[in-house]
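Below you'll find the structure, written out as structure tokens, and then a few comments.
Readers should treat all values here as calculations from the given coordinates under stated rules, not as data from a laboratory. Quantities reported herein were computed from a predicted structural model and do not represent experimental measurements. So basically every Cβ, Gly included, is an ideal-geometry build from the backbone, and we count neighbours across all protein chains shown.
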Amino acid sequence: MAFTVDWAFNNDESRLLARAIQGDGDAFGVLYGLYMEAIYRYVFLRVGSAAEAEDLTEDVFVRAWEALPNYRITQHPFKSWLYRIAHNLIVDYHRKRKPVELADEDLQENPAMPSSLPEDIVEHKQEAGILATAIQTLDKEAQMVIVLRFVEGLSHKEVAEIIGKSEAASRVIQHRALAALNEYLGG
């Protein structure tokens, strides 16, 4: 079956989800296209390796596809559900492996590179390395909140749903994490 995009129809996520839940691979493909980059960025920042992030991102969507018949549209937003799957896979990943630092080659592959000028690349790599090191000093929950809020741009409500806490608790975790990062980075 050819993949066609009906933009008016595909703008309604709940319709896409309903079709995907019924086994429509094209509808799931559109959802994949909508969320793949965000899930990849989230995973990459938690595992520090582009190759591992690609594999884990693929696993997120495979698991989502397999679990989709049990997904209830009214329970949690689809995006939050995907982040939760990603979080669980990352936890499993870290249980199986020792923590790794972001390597220079991984930072070069980071899609957030501002410019291709050599001096900009060097400066970006230095800043990214310092920030990655600072974020890794936080506990896993605080890392998750910081990445979801400031890298992925999710709302407090969305972050709270993903981490399984109240919005107020999520805000407290964010506040403490930012204070710790500020102290680590020297004010």
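Structure notes:
- Cβ-defined net charge surrounding ARG63, 14 Å radius [Lys, Arg +1; Asp, Glu -1]: -4
- By other beta-carbon atoms within 10 Å, ranking ASP12, ASP59 with the fewest at the front produces ASP12, ASP59.
- Per-residue extension of 0.36 nm, minus the Cα-Cα distance of ARG15 and THR74, leaves a gain of 20.0 nm for this segment.
- Sequentially through the range 145-157, phi angles give Karplus couplings (6.51, -1.76, 1.60; θ = phi - 60°) of 4, 5, 5, 5, 6, 9, 8, 8, x, 6, 6, 4, 5 Hz, Gly and Pro residues having no value and appearing as x.
- Extension gain for the segment GLN136 to HIS156, taken as residue separation times 0.36 nm less the Cα-Cα distance, is 5.1 nm to one decimal.
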